[in-house]
Amino acid sequence: MIETRDVNERMNTALDMDSLLIDWIDVEGRISRISDREARELAIDPRTVIGMPLESVYSGVSASLIRAVARGERTADRSFPVWMNSGPYGEMAMVASAFADGPNGLAILKQPLTPPTLGIGAELVERVEILSQMIGAATDACWCIEFLEPVDTSLAEEEIVEQIFRNRSRWRACNEAMSRLYRVPDDQDFNTQPVSRYFPATEINRRMVRDLVRSNYRLDRAQAVDRRHDNSEMLVENDFRAAVKDGLLIRLWGTTRDIGIHRKREQQLYDRAETMLDILSATPDPILVISDDGLLQAANPAAETAWGRPVDQMLGRPLQHFVETRNVLEKLLQAALEEEEAGDSECDLVIISASDSRDSWRFRAARIEGEMRRYVLTARKKPRRKSRLTAQEALS
C-alpha cells in the first residue's frame, strides 16, 4: 500500500506542473492560487486574482458549485462541467475534478471541452452564435453588469444600493451600439472598461437603483445620468432585469437609450408653447380652436372678456351653443377651405354672450396640420350699423 504522504507528494508534484489548468480555492470560497497555464489560457494576471471571489474566474453557476464544495456543503462528482471566464467577455467550457490538497485548500483540476467532446457542442455553439449576432446587430444599446462580488439582497435597502456600486463588477457581452452610445474609441473594447466610468454613484443613479430594489429587480424606463467616455454627462433611460440566485444578485442586464435629445426637444416645444400662450393672451381679438366636429378645444382670454363666458365653461362644448347663426360648423369649414385656395375668406357669425346679447363677429378660419384635424378661428367684432334716423340727424 502506498503511504498517504507519498500520495500527497505525488499529487502536489502533479499539481505544480505548468501544463495543467488548475487553481486552488480556500475554505471561504476564494481563489488562493492559480497555475501559470490557466493564467495564460484565461488571459489574466495570476497576481490580481489571489483572494478574489470565484466569479472573477468562473461563471456564476460554476462558482456557486465550487464554493459549496470548498465549504463542505456538498460533495463534488468525480468530474463535473464548469465554465471559465476567458478574455473580456468570452467563456470556455471545461470538465473539472476537485481534490483536497491539505493546507493549500481545494484544488480544481480542469480540461477544456471541445465541441466534439460535448456531443451537443455544435448545436450549443450555433445557438450562442445566433444570440450573439442578434445582440450585436441590435440598434438598441444592450449591456450586462456581472458582479464578481455578488450583492447580498437580504441586507437593508441602503446597503444593497451601496454594494451595487461598491462591489467588484464588470461589463459583459455589451454590444457595438453600447460603445457608440458612450462614444468609446474604436480601438478600445467597452467590455474591458470599468463599470463606474460610465455608471457613477451619483445621487440620481442611487435613486434609480433604490427604485430597482423596491421593484424586485425589474424596472423599465428608469432615468439616470451616465457619463460618456469623454466624461460628459448623458441623460439616459434604462430597462433593467436581474439574475438573483440563493439571495445573491449575480448580474444585471438590459437596454439603454439616450433621451437627452428628446428631453431637449420637449423643452424647446414647451418654451415655444409658453411663448405662443403669452402672445395669445396678449392678443385683443378672440382666438378659438375647434375640432373637426365643432367642439371648442381652446380659447384665449380675449374670448372670455368679449363674450363674458369663462373659458372652462366653453371648452368641450359645441361652438354652435354660443352662436345664433345656423350651420356654423359648415360655414367655418367652407371658409377654411376657401382660405387655403384663395388666401382670403371670412364669414359673419352672431355670437350670444353670457348676458344674452347678440353681436355680429367676423371670423377667419384656418386648418391646423396634424394627426387630428383642427381649426383655429380668429374673430373681430363688426361695428353696429347706424340707424337711418341717426344718419339723417347727422346730416342736418
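Suppose every K and R has +1 on its Cβ and every D and E has -1 on its Cβ; what is the size of the dipole of the range 50-107 about the Cα centre, in Debye to the nearest 20?
The calculated dipole for the range 50-107 is roughly 120 debye.
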In debye to the nearest 20, how big a dipole does the range 284-381 give about its Cα centre with +1 on each Lys and Arg Cβ and -1 on each Asp and Glu Cβ? 320
Ranked from highest to lowest mean number of other Cβ atoms within 10 Å per residue, what is the order of the peptides 206-212, 71-77? 206-212, 71-77
Size of the dipole of the range 139-262 about the Cα centre, Lys and Arg at +1 and Asp and Glu at -1 on the beta carbon, nothing else charged, in debye to 20? 100
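Just so you know, all these numbers are worked out from the coordinates, no wet-lab data involved. As the structure is a computational prediction, the values presented were derived from the model and not from experiment. Note: ideal-geometry Cβ built from the backbone for every residue, glycine included; neighbour counts use all protein chains shown.
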